[in-house]
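Just so you know, all these numbers are worked out from the coordinates, no wet-lab data involved. If you're wondering where the values come from, they're calculated on a predicted model, not measured in any experiment. A quick note on method: Cβ atoms are made from the backbone with ideal geometry, for glycine too, and the neighbour counts reach across all protein chains shown.
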Amino acid sequence: MKKSTIVLLVILAVVVLGIIYAWSFYNKMIQKDQAVNAQWAQVENQYQRRFDLIPNLVNLVKMGMLQEQKIFSDIADARTKYSGAQTTDGKVQAANELEGAFSRLLVIMENYPQVKSIEAVQQAMAELAGTENRVAVERARFNEKVGEFNTPVMQFPGNILAKVFGFTSKAYFFAVMGAEVAPGINPNL
């Protein structure tokens, strides 16, 4: 065999291997992208459960007390913003607003033990607590899937192929500012 034929075959082999690698990378990224999307759907599923439970809790609390209307309106506004959000980031922001209003509602309930003692409120609180745990688990899983997606998008040589195929890093779900501070509860009531 001629030297030029061998060089041509080596170049052809490298090109074929490059194409196979790019094809494999693309398919892997599509799978990871779908996993992130599926996990976000799980987060939204739990949010929907939360959004379905919170109005019931709010209505039960309203029956027990007629003050603190601002929190009720904040919760309704956050639910409206969530349902109208078009992007994951918009939904995350609306969910965070809901969490802030919900924290204030819990403080009110702690300050008004007669409301907290209503059996229906206790049941709604228990259901909501379970949902909050599910939300936390699904958020953690979402962040895990985002990490699995982002790693090859950021690592060499995947970062080059990611740009070629239009893949960009996805945003993690972060806690809102002040989430590390527990809402204040009056222990004297």
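Amide H neighbours of Tyr172 under 5 Å, at least 5 residues apart or on other chains, H built in the peptide plane: list them.
Counting only residues 5 or more places away or on other chains, the set is empty.
Once phi is turned into θ = phi - 60°, what whole-Hz ³J(HN,Hα) does the Karplus curve with 6.51, -1.76 and 1.60 give for every residue of region 21-33, x standing for Gly and Pro?
The phi angles translate into 5, 4, 4, 4, 4, 4, 5, 5, 5, 5, 4, 5, 4 Hz.
Is there a pair in Lys28/Lys81; Lys81/Lys163; Lys32/Lys91 whose C-alpha atoms are over 28 Å apart, and which pairs would that be?
From the list (Lys28/Lys81; Lys81/Lys163; Lys32/Lys91), the Cα-Cα distance tops 28 Å for Lys28/Lys81; Lys81/Lys163.
Sorting check: for 80-88, 131-139, which peptide has the highest mean count of neighbouring beta carbons within 10 Å, and how do the rest follow?
131-139, 80-88
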